[in-house]
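Encoded as structure tokens, the structure appears first; notes follow it.
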Amino acid sequence: MLTLTEIAEEPRILTYRMNLRDGAEFVLRPLTHADTERLAGFLRGLSAESRRFSTFDGYDLAAARELCAAIARYDKLRLVLEESASGGIAGLFEFSLAITAGDIARYRAAGVRVTETTDCRFGPTLADAYQGRGVGTVAFPSLTEVVRRLGRTRIILWGGVLADNVRAIRFYEKNGFQHVGSFTGPDGSRSLDMILDLP
């Protein structure tokens, strides 16, 4: 089982190469301190709609610096999807090895017991230009391999998925996630909890 410290010290152990059907080449790898500027560009480039569906505290250089400063310091693992041709960041995939009290309570109410020994939280964000191109589907087998290497066997959605995020829900269903329940957030928006058991 890999630790976050081991991954930070040797990011190549979780580096994967992949190709889209249109021939575009990508590298999926852990976020590094050297990514700050490019990550800021990725965050700034997200549309208002993409920002509504994401979980970031900010969308500028300060936010990028915070994310990079957090590498191996907390319970989070962040991977970037880098386009080989441009070197630009096309996506950011976040995993949290901590399960919140709110997650535990919501899933328990639905008859599912989640724990930090078996489960992790997952939150993906793709740059607008790469949405709907099959990028997430191509990357997903490598992402589940990352989860296994972290010693987890199930994935839950980080904060659920907004009920009106139809494209994301389709993606999760296509990749085997099961609906667990729904809840209303502090702002009145409805979200769905979904879970994936890894084979």
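The values are calculated or read from the model by the stated rules, or taken from the named source; none is laboratory data. Quantities reported herein were computed from a predicted structural model and do not represent experimental measurements. Methodologically, a virtual Cβ is constructed for each residue, glycine included, from the backbone with ideal geometry; neighbour enumeration extends over all protein chains shown. SASA here: full protein model, heavy atoms, side chains in, ligands and nucleic acids out. Shrake-Rupley method; radii C 1.70, N 1.55, O 1.52, S 1.80 Å.
Observations on the structure shown:
- Separation of the VAL27 and ARG167 label points, Cα + 7 Å toward Cβ, nm: 2.6
- Per residue, the accessible area of the chain comes to 49 Å², computed with a 1.4 Å probe over protein heavy atoms only.
- Among GLU25, GLU82, GLU94, residue whose mean-square fluctuation peaks in a GNM of the chain (springs only between Cα atoms under 10 Å): GLU25
- The angle between the Cα long axis of helix 135-149 and the main principal axis of the chain comes to about 70°, on a 0 to 90 degree scale.
- For SER182, the residues 5 or more places off, or on other chains, whose built amide H falls under 5 Å of its own are ASP193.
- When ARG148, ARG154 are compared by accessible area of protein heavy atoms, the largest-first order is ARG148, ARG154, using a 1.4 Å probe.
- Considering only ALA40, ALA70, ALA85, the mean-square fluctuation computed in a Gaussian network model of the chain, springs between alpha carbons under 10 angstrom, is largest for ALA85.
- Karplus 3J(HN,Hα) series, Hz, for the stretch 9-24 with 6.51 cos²θ - 1.76 cosθ + 1.60 (x for Gly, Pro): 6, 9, x, 5, 5, 10, 10, 10, 10, 8, 10, 7, 4, 7, x, 5
- Between amide H atoms placed 1.01 Å from N, distances below 5 Å from ALA90 occur with LEU81, GLU82, GLU83, all of them 5 or more places distant or on a separate chain.
- Fluctuation leader among LEU143, LEU31, LEU46 - the chain, Gaussian network, Cα springs under 10 angstrom: LEU46
- Taking the accessible area of the chain, probe 1.4 Å, and keeping the other protein chains in place, the carbon and sulfur fraction comes to 51%.
- For the stretch 47-199, the relative contact order works out to 19 percent when only alpha carbon pairs closer than 8 Å and six or more residues apart are counted.
- The distance from the alpha carbon centre of the stretch 30-96 to that of the stretch 176-199 is 23 Å, rounded to a whole number.
- Cα shape, the stretch 4-50, gyration tensor, a/c 1.5 rule: oblate
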